[in-house]
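Take a look at the structure set out below.
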Amino acid sequence: MNTPETTYVLSPVELDLLELHLGGGTDTLTLLDRPVQGPVTLTDAENTPLAVLGEDGTATALKPIARAAGPHWDPAVRRGAHDVAHEIRREVGPVGDVLALLVDAAPTRDELDALDGLVAGAAAVLVLVPASRRHPEPGHLGAPGLARVGTVVGDAVAAAFDGPVRTVVVPWADGAGLRWDDVAAHHGADRVERLADHRTPPTAERVAGLSTLWSREVGTLYPDAVAREVEHAARGARSEGTVVFFTGLSGSGKSTVAQALAAELDDEGRHTTLLDGDAVRQHLSKGLGFDKASRELNVERIGYVASLVAYHGGVAIAAPIAPFASGRARVREMAQAAGRFVLVHVSTPLEVCEARDRKGLYAKARAGEIPEFTGISSPYEEPTDADLVVDTSVTSVEDAVARVKDLL
């Protein structure tokens, strides 16, 4: 199909909405940033055209949405609503009672003990797990953790229930006006039960008080005036900040690994900031060209922001191409003045990067349509000081993430 000239860059929340819609989880697609009149081409932050939004509010896919690593991206559980509904209805029939159990928080023993009563009388059970591309709130499970928890719940249901059980990861966008009743119905469910609503009041009170246990112990151990000083010192303490800097050719897989690493670290309670090359180009470095000076300035800006994050005890993950050794050296200098610096060279061969090219950039560069394109008409200076070298043509994203985490 011909794509319209008008384009719209989707935010992470809108990417979740698009994925849900294309899988059959919603009838229409509502974008958040501003009203959009179709037809319009929807792209991700890397300007990859993903779908065309029509005037009727429905989208038609152009290319698959890029996937990352982690349990929440497992294709066995991250499935479109239409496929799930078709499969579950084929098993139980059009009138069988399908229960959707919503797992949007870590279940306590209370909720797991309540499963027998919840699933009684159902013909099938869907364990629905919301997965957001957004960073989780501090102290809350992110998408990887929720996916693992959802599997635990699914196994517990299967042990107590005779009918079909499916665990399904659902792209989810808080604040976008979605209703679980509607989304569950698109997945083939007749009714929804939120598992956390079956937590007893005493347990809910204990869970709510977890974050204040330390303060209460300090208040018990120390006189009031001393306790205030101890708490003040603890709030001021910060762990060593870190900059994880990925470098590699376009299409090498560095963004995919960086995104998967950020999701895993977020899920472990680290304060993580992701500075992806294409996203930064649209905001921090908007208006810069692609000549050597502009590229060096772009990398320096990324390094400066990353070093600020590290200075305040956070983890900054950056994934630009960063083709020149001099620019990477400046980033290292800034980062090490603020915390720790880890350089990861994603060394995927050029021919593999070209074969993966989702945006057709390499073909345009070889045709002379894009001047100074790294790897074709502009050099890439391979790092000699990388802390880790990963080739994603022979190493899976999961293994690459694990190797970076081992360094951290």
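Within region 48-71, none of the residues are part of a helix (DSSP H, G or I), open to solvent by less than 20 Å² (accessible area, probe 1.4 Å) and among the hydrophobic types (A, V, I, L, M, F, W, C).
Only helices (runs of 4 or more DSSP H) wholly contained in region 214-308 count here; list those with 2 or more residues that are open to solvent by 50 Å² or more (accessible area, probe 1.4 Å).
Where helices (runs of 4 or more DSSP H) fall fully within region 214-308 and carry at least 2 residues being open to solvent by 50 Å² or more (accessible area, probe 1.4 Å), they are 224-236, 277-282.
Would you check if there is a residue in region 367-383 being of a type in the set (Gly, Ala, Ser), surrounded by 13 or more Cβ atoms within 10 Å (Cβ to Cβ) and under 17 Å from Ser250 (Cα atoms)? Yes - at least one qualifying residue is present in region 367-383.
Please indicate, with yes or no, whether at least one residue in region 180-196 is over 30 Å from Gly24 (Cα atoms) and open to solvent by 60 Å² or more (accessible area, probe 1.4 Å). No, because not a single residue in region 180-196 is over 30 Å from Gly24 (Cα atoms) and open to solvent by 60 Å² or more (accessible area, probe 1.4 Å).
For the structure I just gave you, tell me whether Thr348 is free of Cβ contacts under 8 Å to residues at least 24 places away in the same chain and among the hydroxyl-bearing types (Ser, Thr, Tyr). It is false that Thr348 is free of Cβ contacts under 8 Å to residues at least 24 places away in the same chain and among the hydroxyl-bearing types (Ser, Thr, Tyr). Among the numbered conditions (1) open to solvent by 50 Å² or more (accessible area, probe 1.4 Å); (2) over 21 Å from Ala400 (Cβ atoms); (3) touching a Leu at 6+ places or on another chain (Cβ under 9 Å), the only one that Ala338 does not meet is (1). Cβ-Cβ contacts under 7 Å between residues 6 or more apart (or on different chains), taken from a first residue in region 301-326 that is without any contact (Cβ under 8 Å) to a residue 40 or more places away in the chain to a second residue that is part of a loop (DSSP other than H, G, I, E, B) and open to solvent by less than 10 Å² (accessible area, probe 1.4 Å), are listed as Arg301/Ser285; Ile302/Pro320. When Ala386 is tested against (1) closer than 30 Å to Leu62 by Cα; (2) touching a strand residue (DSSP E or B) at 6+ places or on another chain (Cβ under 6 Å), exactly one condition is not met: (1). Cβ-Cβ contacts under 6 Å between residues 6 or more apart (or on different chains), taken from a first residue in region 357-374 that is assigned to a loop (DSSP other than H, G, I, E, B) to a second residue that is modelled with pLDDT under 90 and open to solvent by 70 Å² or more (accessible area, probe 1.4 Å), are listed as Glu372/Phe290. Can Arg78 be described as in a helix (DSSP H, G or I), of a type in the set (Lys, Arg) and at pLDDT 90 or above? The answer is no for Arg78.
The values are calculated or read from the model by the stated rules, or taken from the named source; none is laboratory data. Predicted model, so just to flag it, every value in this text is computed and none were measured. Note that each Cβ is placed from the backbone with ideal geometry, even for glycine, and that neighbours are counted across all protein chains shown. Ligands, DNA and RNA are stripped out before the accessible areas are found, and what is left, the full protein with its side chains, is counted by its heavy atoms. Shrake-Rupley method; radii C 1.70, N 1.55, O 1.52, S 1.80 Å.
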